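Student: Below is the structure I would like to discuss, written out as structure tokens.
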Amino acid sequence: MAGIKVTDLDSLNSPENNDIIYIVDVSDTTESAQGTSKQTKIQFLLDLSTNVQAVSGELVDNTNPQNPVVSRPYLTWVGKLTQTGTADPTAVVFENTLGVTLTYNRGSSGRFELISPSSLFDQSNTLVLVTAGTSTYNDCFVVISAISATTITFDNYGNGGGLQDVFSNMNFEIRVY
């Protein structure tokens with residue numbers, strides 16, 4: 001079939017595993033700089049996809065099964081806060097997709113703020129998950145006392161019920177939907 005273009009050939013709508021197809025091996029440049037003409041079986045192409053697994057879930061896009069896109073419906077900040085004396089809290093940030101850098105402030109004894117440089121938070125679209133971490137007092141607990149456009153305020157209560165300073169490894173996750 002010399003002189004016939006591939007585009008002029010009949011189509012095969014139901015290829016089988018042992019059918020042979022034309023392929024250009026671009027890693028072999030012995031025939032030309034563009035590659036070398038070769039043949040391969042359909043089965044070899046199918047074998048390439050055996051390690052691809054379909055992923056399911058509401059946040060999965062399987063349009064490219066070799067690289068499913070998994071995206072969250074929210075932005076997030078995840079980290080640990082520590083505070084001593086009357087100093088502002090410091091943070092170890094594990095993940096930040098908010099697009100801004102938060103600052104941390106000690107407003108008064110036991111009252112602290114996570115501050116965004118732009119209007120980002122809203123009570124209707126912001127979820128805050130927090131664990132108390134380690135405190136100088138037993139049985140402390142944390143309360144998110146306010147959420148404004150730029151600030152999340154939280155209170156750290158000690159075992160006597162009053163606000164207290166000094167804590168470490170307080171885990172925070174902020175989600176903005």
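None of the figures in this text is laboratory data; all of them are computed from the coordinates on show. Only a predicted model underlies this, so the values are computations on that prediction, with no experimental measurement involved. Don't worry about glycine lacking a Cβ; one is built from the backbone with ideal geometry, like all the others, and counts go over all protein chains shown.
Student: Can you pull the percent of Cα pairs in the chain with separation above 21 Å?
Tutor: 66
Student: Quick check for me: using +1 on Lys/Arg Cβ and -1 on Asp/Glu Cβ, what's the dipole size of the chain about its Cα centre, in debye to the nearest 20?
Tutor: 580
Student: Ok, one more. Using Cβ contacts closer than 10 Å as the measure, can you line up ARG72, ARG175 from fewest to most?
Tutor: ARG72, ARG175
Student: Between the stretch 84-108 and the stretch 118-135, how many Å separate their Cα centres?
Tutor: 12
Student: Could you pull out every one of the aspartates and glutamates with an alpha carbon less than 18 Å from that of LYS80, ignoring same-chain neighbours closer than 8 positions?
Tutor: Cross-link targets: ASP88, GLU95, GLU113, ASP155, ASP165, GLU173.
Student: Using the beta-carbon distance between ILE20 and THR63 and R0 = 35 Å, what value does 1/(1 + (r/R0)^6) give for FRET efficiency, to the nearest 0.05?
Tutor: Working from the Cβ atoms, E equals 0.75.
Student: For all pairs of alpha-carbon atoms in the stretch 75-176, what percent lies in each bin of width 10 Å, listed from the first bin to the last filled one?
Tutor: The distribution over the stretch 75-176 is 16, 53, 27, 3, given as percents.
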